[in-house]
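The values are calculated or read from the model by the stated rules, or taken from the named source; none is laboratory data. Not measured: the values here are computed from a predicted model. A quick note on method: Cβ atoms are made from the backbone with ideal geometry, for glycine too, and the neighbour counts reach across all protein chains shown. Remember, those area values only see protein heavy atoms, side chains included, never the ligands or the DNA or RNA. Shrake-Rupley method; radii C 1.70, N 1.55, O 1.52, S 1.80 Å.
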Amino acid sequence: MRTAIQMRVLVVSVMAVVVCAAILGWLQYRSLVQLEIRTRITFQDDLVRAAQAIAGEVESDVRTAGTAVLASFHQEDTNGDVRDLARRFQEVQRKQPEIDEVFLFALDDPGGISAVFSTRDGADRCT
């Protein structure tokens, strides 16, 4: 009889340990899932902020480069020879390799609207 009581106590004790371990395991699993979700959201937010900061820096760099280039041209430059403009454009492209194309529009050109386009391959005037 004593063995039967000891066996019941042992079974109840084992069951209590298993139930407690299962509850703790379930709580830990939920905690890890919530931590993963928070970590993912934080990572995505950090990534968005970093991308916005990089975009702002790139925009600032492009504005700075464009302002410096545009400041070197004057309204009367549009009446000049295409070859002279092409040389100036190529000089700009050499100094600032991030610039792929340079173009200049003259809306008040005596011959009408004209534009000069320059790429690494050369320049062309359109009227």
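Cβ-Cβ contacts under 8 Å between residues 6 or more apart (or on different chains), taken from a first residue in region 83-109 that is over 23 Å from residue 60 (Cβ atoms) and exposed (fewer than 12 other Cβ atoms within 10 Å of the Cβ) to a second residue that is of a type in the set (S, T, N, Q) and modelled with pLDDT under 75, are listed as 108/75. Annotation: of all residues in region 36-59 being among the hydrophobic types (A, V, I, L, M, F, W, C) and open to solvent by 90 Å² or more (accessible area, probe 1.4 Å), the one that is nearest to the chain's Cα centre (by Cα) is 54.
Taken together, 24, 70 contain a single residue that is hydrophobic (A, V, I, L, M, F, W, C), in a helix (DSSP H, G or I) and either at pLDDT 75 or above or in contact with a strand residue (DSSP E or B) (Cβ under 6 Å, 6 or more places away or on another chain) (or both), which is 24.
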